[in-house]
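Here the structure comes first, spelled out in structure tokens, and everything after it is commentary.
The values are calculated or read from the model by the stated rules, or taken from the named source; none is laboratory data. All of these numbers come straight from a predicted model, not from anything done at the bench. Note that we place each Cβ from the backbone using ideal geometry, even for glycine, and neighbour counts take in every protein chain shown. Heavy atoms of the whole protein, side chains included, go into the accessibility calculation; ligands, DNA and RNA do not. Shrake-Rupley method; radii C 1.70, N 1.55, O 1.52, S 1.80 Å.
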Amino acid sequence: MKIVKTIKEVREIVKLWKKENLSVGLVPTMGYLHEGHASLIDASVSGNDKTVVSIFVNPMQFGANEDLDSYPRDLNHDSKLCEEHHVDLIFNPEPSEMYGKDFYTYVNMNVLTEDLCGITRPIHFKGVCTVVAKLFNIVQPDNAYFGQKDAQQLAIIKQMVQDLNMPLEVHGCPIVREIDGLAKSSRNTYLSTEERQSALILSKAITLGQSLVENGERDCSKVLTSMIDLISSEPLAKIDYVKIVDLKTIQPVNTIEKPILCAMAVYIGKTRLIDNFIFEEV
Ligand code: AMP
């Protein structure tokens with residue numbers, strides 16, 4: 001496994017692979033890797049001849065008051081995990097490598113970016129789309145792997161690839177959870193012991209909402225009220241949003257009659273956590 005920091009090195013390595021007709025999978029990450037990331041890596045390794053993992057804490061997707069500076073980083077740990085999961089190449093650029101001083105082009109999407117996390121994080125998806133488009137251009141993968149943990153992001157990336165005719169396939173992978181249900185996240189490291197316990201309210205509300213929908217409830221307000229009541233019973237939790245939207249367009253729906261995404265963002269103390277479930281068998 002190689003670790004490179006420049007675009008030039010990635011291009012040279014991928015060019016050699018392409019010459020041999022080898023397929024390439026890409027797993028974009030911000031590092032501090034856990035089993036959620038590892039599941040995407042495993043999907044890429046089993047579906048491609050070569051796997052590239054990018055590790056880049058992308059400044060462009062963080063708002064002014066967000067956690068860019070405190071975001072956890074551990075390249076030693078990450079490279080061990082990648083090695084164990086048979087990654088071929090880690091791309092770990094500095095921000096200056098990705099964004100030279102003359103940088104003027106952005107990928108901006110309407111509609112899908114406007115609700116859910118787009119309300120509290122208005123510049124986030126512009127940063128995500130721009131960096132992912134750049135990574136696709138740099139690595140030129142045949143396949144790219146994203147987690148359903150960030151379901152709005154996954155829908156947005158699929159839409160971007162379709163709209164801009166990017167020649168690759170985007171694969172979504174299921175949410176990996178801790179044994180007690182908490183969705184794995186690099187940001188879980190911010191939680192104190194007490195907060196870690198309180199954070200279980202997210203997955204409990206997801207389980208509740210999912211079981212209501214699976215048992216036939218189609219009225220979104222009923223599902224959401226039950227979920228919100230449960231989350232509100234946890235003193236350390238403060239709801240950012242709990243919503244049900246169309247899975248493809250991320251637009252709000254009142255009744256479940258097409259595939260939906262039920263998504264939430266909840267502050268536990270100062271840490272903002274997200275979780276969701278998808279329901280497709282309508
Ligand atoms: P991040 O490093 O947080 O930007 O995440 C990189 C990729 O890993 C994204 O596609 C995430 O959706 C995915 N991911 C993060 N946590 C999980 C999880 N618990 N289960 C599955 N995928 C995840």
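Some notes on this structure:
- Taking region 139-178 as the range and being among the basic types (Lys, Arg) and within 7 Å of the ligand (Cβ to nearest atom) as the test, the residues that pass are Lys149, Arg177.
- Some residue of region 43-53 being part of a helix (DSSP H, G or I), more than 9 Å from the ligand (Cβ to nearest atom), under 12 Å from Cys82 (Cβ atoms) and touching a residue at least 40 places away in the same chain (Cβ under 8 Å): yes
Here's the yes/no breakdown for (1) in contact (Cβ under 8 Å) with a residue 60 or more places away in the chain; (2) within 19 Å of the chain's Cα centre (by Cα); (3) more than 30 Å from Ser46 (Cα to Cα):
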| position | (1), (2), (3) |
| --- | --- |
| Asn76 | no, no, no |
| Lys80 | no, no, no |
| Leu89 | yes, no, no |
| Tyr106 | no, no, yes |
| Leu112 | yes, yes, yes |
| Leu116 | yes, yes, yes |
| Gly127 | yes, yes, no |
| Val131 | yes, yes, no |
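- Candidates in region 97-114 are the residues that are out of contact with any helix residue (DSSP H, G or I) (no Cβ under 8 Å at 6 or more places or on another chain) and not hydrophobic (A, V, I, L, M, F, W, C); of these, the one that is least open to solvent (accessible area, probe 1.4 Å) is Gly100.
- Any hit, region 87-110, residues being among the polar types (S, T, N, Q), closer than 29 Å to Leu247 by Cα and within 16 Å of the ligand (Cβ to nearest atom): no
- Pairs meeting the criteria (first residue in region 160-176 and touching a residue at least 24 places away in the same chain (Cβ under 8 Å), second residue aliphatic (A, V, I, L, M) and open to solvent by 80 Å² or more (accessible area, probe 1.4 Å), beta carbons under 9 Å, at least 6 apart or on different chains) are lacking.
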